[in-house]
1. Based on alpha-carbon centroids, what's the gap between the range 99-176 and the range 393-433 in Å, whole number please?
2. Near the amide H of Val491, under 5 Å away, which other amide H atoms are found, from residues 5 or more places off or on another chain, if H is placed in the peptide plane?
3. Quick one: check the C-alpha center-to-center distance for the range 37-72 versus the range 213-285, whole angstrom.
4. Which of the residue pairs Lys189/Lys303; Lys60/Lys348; Lys60/Lys303; Lys455/Lys531; Lys309/Lys579 have a Cα-Cα distance greater than 25 Å in the structure shown?
5. Quick check: net charge around Ser492, other residues with Cβ under 14 Å of its Cβ, Lys/Arg +1 and Asp/Glu -1?
6. Antiparallel versus total DSSP beta bridges in the chain: what percent is that, nearest 5?
7. If DNA, RNA and ligands are ignored and the probe is 1.4 Å, what is the ranking of Asp403, Asp201 by accessible area, most exposed first?
8. Please give me the summed charge of the neighbours of Val155: other residues whose Cβ is under 15 Å from its Cβ, Lys and Arg +1, Asp and Glu -1.
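The values are calculated or read from the model by the stated rules, or taken from the named source; none is laboratory data. Nothing here was measured: the structure is a model prediction, and the numbers come from that model. Note: ideal-geometry Cβ built from the backbone for every residue, glycine included; neighbour counts use all protein chains shown. Ligands, DNA and RNA are stripped out before the accessible areas are found, and what is left, the full protein with its side chains, is counted by its heavy atoms. Shrake-Rupley method; radii C 1.70, N 1.55, O 1.52, S 1.80 Å.
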Amino acid sequence: MCLKIEKNMIEIVNQEESKKSLNFIEQKVESDLANGLNSGRIQTRFPPEPNGYLHIGHAKAICLDFGIAQRYGGVCNLRFDDTNPTKEDVEYVDSIQEDIKWLGFEWGEIYYASDYFGQLFDFALRLIRAGKAYIDEQTSEQIATQKGTPTQPGVESPFRNRPIEESLDLFMRMNKGEFDEGAMTLRAKIDMASPNMHFRDPIIYRIIKHPHHRTGTTWKVYPMYDFAHGQSDYFEGVTHSLCTLEFEVHRPLYDLFVDLLIDELGKETGDGFEKNRVYDDYRPRQTEFNRLNLTYTMMSKRKLLQLVKDGLVSGWDDPRMPTICGYRRRGFTPQSIRNFVNMIGYTKFDGIVDVAQLEYAVREDLNATAKRVAAVLNPIKLIITNYPEGQTEIFDSVNNPEDPSAGSHGIAFTRELYIEADDFVEEAPKKYYRLTPGQEVRLRCSYIIICTGCKKNEAGEVEEVYAEYLPDTKSGGSDCTRKVKGTIHWVSVAHALSAEVRLYDRLFMVENPSDDKEHDLHELLNPDSLKVLTHCFVEEELKNCKPYEHFQFQRIGYFNVDPDSRDGRLVFNRTVSLKDTWKKIQSK
């Protein structure tokens, strides 16, 4: 009996802990399910505009939209908000789908806002007939001026009370292309004295004569985001419309248009429009969460596009860019990005997240999964003078000490090796435990050696380092009792593969580049965001590596294979260093 009571108590505690760990959106979803809203359905959507490549901020929204659907047995659809043909392209549509799949998510269906252009146009006609919309011939500047301020009511347009039939005729002619862009707009007639500025007769349609990537030149008028968004959610059956906080002030307008739509769908008019009703006893509801802002990172699509167009980066997938494809090329993993999003969570308050948290997430993931290999980025030659010429030994190198099942691979040891130039100094400071004349170090996986000297060129630069090995100090040997404080890595000269290594760092020097209004975008860039090393060597194990494979270069950092690699020419990108060195550099 006591055991049963104890088990029940444990279950209750676990349930309470589970509830505590829910974010506010998950709590709302569970409350809606408990109250039987939308007949117990859960449906979300990810609605990007196809006017650029997705960035890390979108990854946060993707994880939420798809994650909510997964957790509660619902469905998340992908909908392209393609209501502005002047900025949209099929290239972006394709890249968005690729990025979502790479992050590990699958959508239920693919929709486009353009799928609903007909229904939205018909809905606009109904609003005109009901006296709830009118054609305005003022300029955008005049309309903005007449809207007033948050503390001062707006002024009604001189066209606000034009006859319904006249507005209907003009709207149809707008769509036939009879008027120039900007000559007319369709505005909803709501309340010019409303304290909510979005209610002051918002524009719901404008003239655009640019061909659409899906509908061509069929339409000459296009709906505004606020008019298309909620209606698209309704037509698809979305239950939870999740948006970032900047749309919180738009929510009353979202709700108003949805209510007007449902009201019109409930009317029997004989024109067939009422068939657009999706479900009875249903309406989508919008909930807002904080957007992702990262230090040393630009999130503006417009400014990211400027970086590409001005040639300041190599493209949207430049590994310094905060785009998802840029992170992929740099070597970030889908799991690391999902872990990062889970780490920072979702709140109702905007803030800025230290980019070091994202770098920590990828280090943790790669530490558990990346294969360990040897690479020398700034090589000098080490000659072990007492090791037999022409002899080769194969030593065992563990692939990943964090994962015993990962096994090991062989690494060739010979008389001549490449080591890092920084691993030798002729006159060593105190507590320097690497190579210096008269000092012993261990060569990783192999022998202890004692440095005997070096050779310099005419400029005084070290060209070769000399050492002798101690044969009875082989790693793992039962007779090896000698201990040394320093261990360095190496690559056999005879077995080394040449490689190019690209050392990437943060693209911007300032912590919050988005808020810097005093400097040009060019002036904010970190001049050391990319260093290309062309005379590097990696171990022979990497001869068959594939693009996007991840590795830890021992003692250096995490790297992946860049798709620029070709047969005989390996290119590696640094994902992150082994430790966060940025704060140390900034403090100097």
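1. Result: 66 Å between the Cα centres.
2. Placed amide hydrogens put Tyr418 under 5 Å from Val491.
3. That distance is 18 Å.
4. Values: Lys189/Lys303 35 Å; Lys60/Lys348 14 Å; Lys60/Lys303 20 Å; Lys455/Lys531 28 Å; Lys309/Lys579 33 Å.
Exceeds cut-off: Lys189/Lys303; Lys455/Lys531; Lys309/Lys579.
5. Working: positive: Lys381, Arg415, Arg444, Lys543; negative: Glu389, Glu393, Glu416, Glu539, Glu540, Glu541.
Neighbourhood net charge equals -2.
6. Details: 56 of 83 bridges.
The answer is about 65 percent antiparallel.
7. Working: Asp403 55, Asp201 0 Å².
Largest to smallest exposure gives the sequence Asp403, Asp201.
8. Working: positive: Lys147, Arg160, Arg187, Lys189, Arg200; negative: Asp136, Glu141, Glu156, Asp191, Asp201.
Once all neighbours under 15 Å are counted, the net charge is 0.
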